[in-house]
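Student: Got a structure here, written out as structure tokens. Questions coming.
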Amino acid sequence: MYDLTVVIPTFNECANVAPMVDLLNKALTGRAWEAVFVDDDSPDGTADAVRAIGEAHANIRVLQRTGRRGLAGACIEGILSSTAPFCAVIDADLQHDETRLPVMLDLLAQDPALDLVVGSRKIEGGDAAQGFSALRQWGSDLATDLTRRALRITVSDPMSGFFMLRRASFMPVAHGLQVAGFKILADMLAAARGRWRVVEVPYGFRKRQFGASKMDSAVALEFLGLLVARKTGGLVSIKFVLFGMVGLIGVFVQLAVVGVMLVLLPGQFTLAQTIGVVIAIANNFLLNNLLTYRDRALKGMALIRGLASFYSVCGFGAVLNVGLARLVFSVLAIWPLASAAGAVAGAAWNFVASSLFTWRSR
Ligand code: GDD
Ligand code: MN
């Protein structure tokens, strides 16, 4: 029986696996612990590297996921795979300070009322100077501030990917968490709605040694999606928010194309509008493939098939849009309301149908 499961999400972290296990061995000597690497089928062979170590060490295992991507989902599955009373999440790239783990474990074990211990870079004794560029630091500060206000979180570093929790506290919130995001801690704190007792432990964020960061602009947009998803009380998902953002961009693309076409083909409004719609749909398809569904992005021939399927989905969405708008208008005769009802129904259909047919998850 283990007291602690250390969950380590990985994507292309092959070179970090052995050093990480060494550091954990040192930091957790004398403790009953196991490590589970949750790997999203990394092409660099991370999962095999873990299995090689696991052959000789029963407390090191890998949970390899196929056809899926996502940091938050990986952490959730790792925690759910544990039978230990306490679970930690730590990055594989050696940026987090594993020597804090025994401190965190003692805090939780000694205080049964405590639910969570957060590794923080933003309290006395912690810092992120080494690990972040000036730009990343600025972005991180901004996101932290926004999150704390929007989600009414009091923890100083809700963006931290380093924490330990009581598994029994996690279980009741597990089902409400967004699996698509990067910031599982912020999401969990929002889900716990201030009911958790939390303590913070300072740590210095180190520089990454091997491999590359997976944080990019898509992750930042995904995070905005998480905030909106939380603000609507889970009514919409991160993916729906991203789909909506893309849809909004599509409106502007359509307007721009129609404007240009009317200059090229004066007086041909119907033709210009048709070309605008066709291009806007292709635009939305490509953007959704890059952003909303990048965890199952289509490539090569599948991209062409996907575009065709997206045209059919959106075509049906347009029919539904007009049909519902007409129905509402015939009953209420308030055109903005009728028109908006059509638009919302069309967008909802496009979202659901495209996730079922165009970007089917395996
Ligand atoms: N399984 C899985 N799937 N793991 C992933 C994925 C994924 O899609 N994306 C990233 N990871 C793993 C990485 O392999 C690494 O071990 C860890 O998650 C963090 O990813 P990085 O790419 O190194 O992110 P970062 O350093 O920019 O940001 C991290 O540290 C910040 C500060 O604590 C993350 O933990 C952030 O959430 C955190 O704010
Ligand atoms: Mn990192």
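The values are calculated or read from the model by the stated rules, or taken from the named source; none is laboratory data. Bear in mind the structure is a predicted one, so any value in this text is a computation, not a measurement. Every residue, glycine among them, receives a Cβ derived from its backbone with ideal geometry; neighbour counts consider all protein chains shown. Side chains are part of the model used for accessible areas, which takes the heavy atoms of the whole protein and leaves out ligands, DNA and RNA. Shrake-Rupley method; radii C 1.70, N 1.55, O 1.52, S 1.80 Å.
Student: Tell me, please, whether a residue that is part of a loop (DSSP other than H, G, I, E, B), out of contact with any Gly (no Cβ under 7 Å at 6 or more places or on another chain) and either open to solvent by 40 Å² or more (accessible area, probe 1.4 Å) or closer than 15 Å to I184 by Cα (or both) can be found in the range 219-229. Working first, answer last.
Tutor: Step one: filter the range 219-229 for residues part of a loop (DSSP other than H, G, I, E, B), giving none.
Checking the range 219-229: not a single residue is part of a loop (DSSP other than H, G, I, E, B), out of contact with any Gly (no Cβ under 7 Å at 6 or more places or on another chain) and either open to solvent by 40 Å² or more (accessible area, probe 1.4 Å) or closer than 15 Å to I184 by Cα (or both).
Student: Starting from the range 208-236, take each residue that is within 23 Å of Q130 (Cβ to Cβ) and list its partners that are at pLDDT 90 or above and assigned to a helix (DSSP H, G or I), counting only C-beta distances under 7 angstrom and pairs at least six apart or across chains.
Tutor: That search, which allows pairs on different chains as well, returns F210/A15; F210/N16; G211/A15; G211/N16.
Student: Also: Could you please give the count of residues in the range 1-45 that are acidic (D, E) and in a loop (DSSP other than H, G, I, E, B)?
Tutor: Start the filter on the range 1-45 by keeping residues that are acidic (D, E), which leaves 3, 13, 22, 34, 39-41, 44.
Retained after the next criterion (residues that are in a loop (DSSP other than H, G, I, E, B)): 3, 13, 40-41, 44.
Number satisfying all stated conditions: 5.
Student: While we're here: Can you find, within the range 66-84, the residue that is nearest to ligand 2 (Cβ to nearest atom) among those that are surrounded by fewer than 17 Cβ atoms within 10 Å (Cβ to Cβ) and in a loop (DSSP other than H, G, I, E, B)? Quick ask: steps written out before the conclusion?
Tutor: Taking the range 66-84 and keeping what is surrounded by fewer than 17 Cβ atoms within 10 Å (Cβ to Cβ), we get 66-69, 80-81, 83.
From the residues that got through so far, the ones that are in a loop (DSSP other than H, G, I, E, B) too are 66-69, 81, 83.
Numbers: T66: 23, G67: 24, R68: 20, R69: 16, S81: 22, T83: 28 Å.
The extreme case among them is R69.
Student: Among the residues of the range 299-344, which ones are surrounded by 14 or more Cβ atoms within 10 Å (Cβ to Cβ) and under 17 Å from L242 (Cα atoms)?
Tutor: F310, C314, A343
Student: Shifting gears a bit: Quick check on my filter: what residues within the range 1-13 are over 22 Å from the mean Cα position of the chain (by Cα) and either within 15 Å of ligand 2 (Cβ to nearest atom) or open to solvent by 10 Å² or more (accessible area, probe 1.4 Å) (or both)?
Tutor: Passing the criteria: M1, Y2, D3.
Student: Among the residues in the range 201-218, are any in contact with a strand residue (DSSP E or B) (Cβ under 7 Å, 6 or more places away or on another chain) and more than 16 Å from ligand 2 (Cβ to nearest atom)?
Tutor: Among the residues of the range 201-218, at least one is in contact with a strand residue (DSSP E or B) (Cβ under 7 Å, 6 or more places away or on another chain) and more than 16 Å from ligand 2 (Cβ to nearest atom), which makes the answer yes.
Student: Working carefully through the options F170, F162, find the one that is out of contact with any helix residue (DSSP H, G or I) (no Cβ under 7 Å at 6 or more places or on another chain), hydrophobic (A, V, I, L, M, F, W, C) and buried (at least 20 other Cβ atoms within 10 Å of the Cβ).
Tutor: On the way: F170 fails: out of contact with any helix residue (DSSP H, G or I) (no Cβ under 7 Å at 6 or more places or on another chain).
Of F170, F162, the one residue that is out of contact with any helix residue (DSSP H, G or I) (no Cβ under 7 Å at 6 or more places or on another chain), hydrophobic (A, V, I, L, M, F, W, C) and buried (at least 20 other Cβ atoms within 10 Å of the Cβ) is F162.
Student: L286 versus (1) at pLDDT 95 or above; (2) open to solvent by less than 50 Å² (accessible area, probe 1.4 Å): which is the lone unmet condition?
Tutor: All conditions are met except number (2).
Student: Can you pull out every residue in the range 1-21 that is out of contact with any Lys or Arg (no Cβ under 7 Å at 6 or more places or on another chain) and more than 16 Å from ligand 1 (Cβ to nearest atom)?
Tutor: Pass one, the range 1-21, residues out of contact with any Lys or Arg (no Cβ under 7 Å at 6 or more places or on another chain): 1-2, 5-10, 12-21.
Passing the criteria: M1, Y2.
Student: Among (1) more than 15 Å from ligand 1 (Cβ to nearest atom); (2) outside any helix (DSSP H, G or I); (3) surrounded by 15 or more Cβ atoms within 10 Å (Cβ to Cβ), which single condition is G234 missing?
Tutor: (3)
Student: Can you report the number of residues in the range 103-128 which are open to solvent by 20 Å² or more (accessible area, probe 1.4 Å) and either β-branched (V, I, T) or away from ligand 1 (no atom under 13 Å from the Cβ) (or both)?
Tutor: Result for the range 103-128: 12.
Student: Among the numbered criteria (1) surrounded by 15 or more Cβ atoms within 10 Å (Cβ to Cβ); (2) more than 16 Å from ligand 2 (Cβ to nearest atom), which one does H175 miss?
Tutor: The single condition H175 does not satisfy is (1).
Student: Of the residues A74, A56, only one is on the phi < 0 side of the Ramachandran plot and more than 26 Å from the chain's Cα centre (by Cα); which? Can you show your working first?
Tutor: On the way: A74 fails: more than 26 Å from the chain's Cα centre (by Cα).
Exactly one residue qualifies, and that residue is A56.
Student: Yes or no: L303 within 30 Å of E13 (Cα to Cα) and in a helix (DSSP H, G or I)? Please lay out each step first, then the result.
Tutor: Details: within 30 Å of E13 (Cα to Cα): yes; in a helix (DSSP H, G or I): yes.
Taking the combined requirement at face value, the residue satisfies it.
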